[in-house]
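Bear in mind that the values in this text are calculations on the coordinates, not laboratory data. If you're wondering where the values come from, they're calculated on a predicted model, not measured in any experiment. Glycine also receives a Cβ, built like all others from the backbone with ideal geometry; neighbour counts cover every protein chain displayed.
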Amino acid sequence: MAQGGIGSSVKRKEDARFLTGRGTYVDDIVRPGQTHAVFVRSPHAHAKIKAVKTAEALKAPGVVAVLTGADLAADKVGNLPAGWLIHSKDGTPMVEPGHMALVADKVRHVGDQVAVVVAETKDQAREAAALVEVDYEPLPAMVGLAQAIAPGAALVHDQAKANTCYDWHLGDKAATDAAFAKAHKVVTLDLVNNRLIPNAIEPRAAIGEFDRVTGDLTLYTTSQNPHLIRLLLSAFTMGVPEHKLRVVAPDVGGGFGSKIFHYAEEFVTLWAARRIGRPVKWTATRSEAFMSDAHGRDHVTHCELALDKEGRFLGLRERTLANMGAYLSQFAPSVPTYLHATLLAGCYTTPAIYSEVRAVFTNTVPVDAYRGAGRPEATYLIERLVDVAAREMGMDRVDIRRKNLIPKDKFPYQTPVALQYDSGDYQATLDAALKKADWAGFEKRRAEAKARGKLRGIGISTYVEACGIAPSAVVGALGGRVGLWESAHVRVHPTGSITIFTGAHSHGQSHETTFAQLAAEKLGVSTDQVEVVHGDTAKSAFAMGTYGSRSLAVGGTAIVNAIDKIIAKGKKIAAHLLEASEGDVDFKDGKFTVRGTDRAKAFGEVVLAAYIPHKYPANLEPGLEESAVYDPKNFTFPAGCHICEVEIDPDTGVTQVIAFTAVDDVGTVINPMVVEGQVHGGVAQGIGQALLEGAQYDDQGQLLSGSFLGYTMPRAGDLPSYQVGTEVTACTHNPLGVKGVGEVGAIGSPPAVIGAVCDAIGVRHIEMPATPERVWRAIRDAKKA
Amino acid sequence: MQDFSFHKPQNLAAAVDTLKKRPEAKALGGGQSLIPVMKLGLAAPSDLVSVAGLAELRGIKVDGKELVVGAGMTHAEVADSAEVKKAIPALAALAGHIGDAQVRNRGTLGGSLAHDDPAADYPAAVLALGATVVTDRRKIAADDFFRGLYQTALGADEIVTSVRFPIPEKAAYAKFAHPASKFALVGVMVAKGPAGVRVAVTGAGPGVFRQADMERALGGRWAADALAGVAVKAEGLNADPYGSAEYRAHLIGVMARRAVAAAG
Ligand SMILES: Cc1cc2nc3c(=O)[nH]c(=O)nc-3n(C[C@H](O)[C@H](O)[C@H](O)COP(=O)(O)OP(=O)(O)OC[C@H]3O[C@@H](n4cnc5c(N)ncnc54)[C@H](O)[C@@H]3O)c2cc1C
């Protein structure tokens, strides 16, 4: 193994600047002549805008401009696009109402942007924003899913009848119904996948800048994918050519999906900068983040599982209402469909599956991808059904899973819902997790807890997910409006150090370290000799960015392919220097050698020859840098087993997570420490979803959980010390054999936690978040029954 | 937040004087409640008069049968004080569980009482121990001090200087923390002392209040199971997504039993 190469826990290169407070986030950037923007946001969930009066605000000290939806319309800009087209069962395309960056007709959620005030200072902008007077005519707020689709419901968008965006399905209905008809037992469950608010530690921020002389526009923004933002600005919101547009996403403090999307505010700063000819900066307050960052999840589902006498799964069907919120955010239509229903086989051999998903507009913040995006919803649904099936069949929760897991000799495995899993060994992760968690010894721990007056429970989930998104042809066939390949450029400098330019973006993923390890492994250099550059459209080639656990599987593969081209060229140079034929040259451990001889050239010598080509092959270009683009052949399929142990105080319903074991198969592990960290973070969010987090609206569409006083983010004290392990089956279709680890923690964990709560108190099901009051009520109701 | 003038007076008299002369001025303790309220635009004082560091508001001592705590003492100072731990360990423990370390290092006893957040911890101690709130001009009995939902008996320019806690025979505080805010969803302080048997409840209602039926039950017999027959009514209690009135009523019973058991 090369030093710092694949498999070593190299310390994170990025930590020196992060831990000493020297990162450069958008809000740290100050541009000459910079002004400040503050948005005027709707206090109503649903209201007609009768008038927007800006005269008083314009007179306020320091105000440079006050812009409204009318100004957008006059400039014919600012319509935010949806990135995915879903067709309903009947073949009609989804309803795509459009989304203006500043609304002029009516507001559709609390926090909707109506106007922007630009002033010399932030305080002046804030004070002037309070002077913008908007006359609203309130309309009935459609808050809950059931309310929004009820007959006679007020329409969020006039063109979306019954507030429905699409009514879609996947799978073979007839085959599934037939499986249910012959079932020994049918288990049914109604469940809610609670709405989450992402809460990255760094709020969103943007600076728009315009150069009057060149006409160049630059946007600094908190994005997971600067090229995608540039593409959308160019093709949709701004309508200026890409060579005049630069998007920079510098250090970004977490995204979890919420910073994928092209948001109104970043567009507005750029548009306003062009109008006033000065840089315009905006940084969200935490309160704004709660009411304007895309939320996650929010499904209401009815699902059923058909089983034979032995407990084998015969069929699964579900009907889900998916909340889109007030507008279609870019990935929103794909999340409850192709990122959810296609995962409904889970890691089981269920032969027949049918899913119906109806996407609904409501007067709430738009909902889109959030860590896991669709797969946590699928996993929760399946694993809850499996637990309830075990209970109702009188079977052990491990036995019923074991009986239905896809055997390891059945890969590649074609599921009935479109996906083909390339590799996996689900028994191996299950066995390893059971052992690590001492599943067999649990009853003793339960008895010991009981003696202390505590109810102890254990829960398990076995899951698979699809990430490393995604083959462009497949994406296109499913309605995606983009390709999902990734680019890399590897530049070897004359003295042998290396710069890697990637289209992936690191906002917590540690790419600066793990991508450097790829070069260390392949080229035999130290990671200190490698710099990873990302986050600037002026530096990296066009690429799609970071989400869907794709950075390593797709972006890393592009890097490795570019490095392979470097090695291939190096062999040509080495062959010339060593007077050997190219076919006889090997490259290993940083050295080019002639097979069967002791003749060798170090990597550095070959690099130098490429830049000082005094003795050089006649028909070879000098220099040493290569590009590669990689379009994946399939999704990747991480899988694993999570086990959770809780203790519940029966008097108060408080649940404490005592132990959490995660054994995941994420393919080849590049940096074990980084993998462990990703699992820790994901599990924290999964425990958060299961026990603590949940957006709450009142009947009027006011966000009750609009701050940390009312929205419970998991804290250190809410979390146990994790036991984390990996089992490896290599991905068969990328050269590194990697799958992805960014989301597994959040996907696998919620059902294990809820399973543990149900086990502790002896109930069939409890909704998330299992707050103390919910648990207390469940205990009380169980006693009454 | 709106601009304001900042004053750092040399002594109590100067502080009171500034507050009297500027009707829109407010006293500033540790700023742990006032500054967030100002940031949200819910208060916009013209002047802030810093009082936490005034000599007249500092110090902790036992004076006869009372523990006297300066209103400018931070939660951390009270939690760590040997005198408090010895005289009223329940009070030190209560202070040690307010907010987080940053909040405890800045927030003060006087600020907490003057702010009178319905979910704050200190009011339960002041009421259950039958303490006396001492200001620059008078003494106010706990039973007269709290007036419900952010309301107290204090005048606009009145400064709390100290609190005199009669040292109880037994006392304990049991807090059920709100999962998100970590303030008291329900907090119950029980005490048996010079002021009799007293039970004060915070977090559950619009302001801190005494639970008379529990006081009667414990007055008869000081034991957790003496509370078994006392049914707490949900009527009038707070409700939010983390705790209905019914759940809060239930928790008052649980926390009261736990507090009595802890008090011994
Ligand atoms: C994150 C966080 C968590 C918290 N958690 C808890 C908790 O769990 N439990 C809890 O009880 N509290 C909690 N608090 C509130 C905290 O205890 C505050 O410190 C306290 O409520 C106010 O004290 P202060 O000294 O900071 O007062 P300030 O914020 O400075 O002032 C508050 C009010 O009191 C007035 N005031 C201040 N000092 C005096 C004085 N000596 N005389 C007269 N008036 C005065 C001010 O004018 C103002 O109206 C929390 C606060 C935060 C920010």
With a cut-off of at most 13 other beta carbons within 10 Å, and DSSP calling the residue loop, which trypsin sites (Lys or Arg not before Pro) in the range B:208-238 qualify? Please list them. B:R221, B:K233
In this structure, among B:K85/B:K170; A:K259/A:K739; B:K139/B:K170, pairs with alpha-carbon gaps over 20 Å are A:K259/A:K739; B:K139/B:K170
Can you list the aspartates and glutamates whose alpha carbon sits under 16 Å from that of A:K591, skipping same-chain ones fewer than 8 residues off? A:E521, A:D564, A:E579, A:E582, A:E605
Residue-wise HN-Hα coupling along the range A:734-748, computed from phi with Karplus coefficients 6.51, -1.76, 1.60 (Hz; x: Gly, Pro): 10, x, 7, x, 8, 10, x, 10, x, 10, 4, x, 6, 7, x
For peptide B:22-33, what's the mean number of Cβ atoms from other chains within 10 Å of each residue's Cβ? 0
What number, rounded to the nearest 500 deg cm²/dmol, is the helix-based mean residue ellipticity at 222 nm of chain B, given -39500 (n - 2.57) per DSSP H run of at least four residues and division by all its residues? -9000 deg cm²/dmol
Cross-link table A:K11/A:K572; A:K59/A:K281; B:K175/B:K233; A:K569/A:K615, entries beyond 24 Å C-alpha to C-alpha: A:K11/A:K572
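Counting each DSSP H run of 4 or more residues in chain A as -39500 (n - 2.57), what helix-only mean residue ellipticity at 222 nm follows after dividing by all residues, to the nearest 500 deg cm²/dmol?
-8000 deg cm²/dmol
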What spacing in nm lies between the two simple spin-label points modelled at A:D216 and A:E582, each 7 Å away from Cα in the Cβ direction? 3.8 nm
For every other residue with a beta carbon closer than 13 angstrom to the beta carbon of B:G220, add +1 if it is Lys or Arg and -1 if Asp or Glu, then tell me the sum. 0
Which ³J(HN,Hα) values in Hz, rounded to whole numbers, follow from the phi angles of the range A:764-780 under the Karplus curve 6.51 cos²θ - 1.76 cosθ + 1.60, where θ = phi - 60° and Gly and Pro get x? 6, 7, 9, 7, 8, x, 7, 5, x, 5, 4, 5, 4, 5, 4, 5, 5
Hey, if you put +1 on the Cβ of every Lys and Arg and -1 on every Asp and Glu Cβ in chain A, which of A:G742, A:G555, A:G524 ends up farthest toward the positive end of that dipole? A:G742
To the nearest 20 debye, what charge dipole does the protein assembly as shown have about its Cα centre, counting +1 at the Cβ of each Lys and Arg and -1 at the Cβ of each Asp and Glu? 1400 debye
Within the range A:158-197: backbone nitrogen closer than 14 Å to the A:K309 label point (7 Å, Cα to C-beta): A:183-185
Quick note, chain A: a/c under 1.5 would make it rounded; otherwise a/b > b/c is prolate and the rest oblate (a ≥ b ≥ c, C-alpha gyration tensor); here it is oblate
Does the range B:170-263 come out rounded, prolate or oblate by the C-alpha gyration tensor, with a ≥ b ≥ c the root eigenvalues, rounded set by a/c under 1.5 and, if not, prolate when a/b is larger than b/c and oblate if not? prolate
Give the percent of DSSP beta bridges with both residues in the range A:318-458 that are antiparallel, rounded to the nearest 5. 30 percent
For A:K444, go through the aspartates and glutamates and keep the ones whose alpha-carbon is under 19 Å away, minus same-chain ones fewer than eight residues off. A:D396, A:E645, A:E647, A:D649, A:D759
When a footprinting reagent is the concern and you count Cβ atoms within 10 Å, what order do A:H733, A:H489 take, fewest first? A:H733, A:H489
Straight distance only, please: which aspartates and glutamates reach the Cα of B:K86 with their own Cα at less than 17 Å, same-chain residues fewer than 8 apart left out? B:D63, B:E66, B:E77, B:E169
Charge dipole magnitude, Cβ of K and R +1, D and E -1 - the range A:272-392, Cα centre, debye nearest 20: 740 debye
Stokes-Einstein D for chain B at 37 °C, 0.692 mPa s, Kirkwood Rh over Cα pairs, in µm²/s? 177 µm²/s
Given charges of +1 on the Cβ of Lys and Arg and -1 on the Cβ of Asp and Glu, with all other atoms neutral, how large is the dipole of the range B:170-263 about its Cα centre, in debye to the nearest 20? 360 debye
Signed unit charges on C-beta, dipole axis of the protein assembly as shown, positive-most listed residue B:A43, A:G91, B:G30: B:G30
When only Cα pairs under 8 Å and 6 or more residues apart are kept, what is the percent relative contact order across chain A? 16 percent
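Sort A:W84, A:W439 so the one with the fewest other Cβ atoms within 10 Å of its own Cβ comes first.
On the way: A:W84 21, A:W439 17.
The order, fewest Cβ neighbours first, is A:W439, A:W84.
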Could you rank the peptides B:107-120, A:154-167, B:154-167, A:734-747 by their average count of other C-beta atoms within 10 Å per residue, with the highest value first? A:734-747, B:107-120, B:154-167, A:154-167
Taking a ≥ b ≥ c as the square roots of the eigenvalues of the Cα gyration tensor of the range A:181-228, is the shape rounded (a/c under 1.5), prolate (a/b larger than b/c) or oblate? prolate
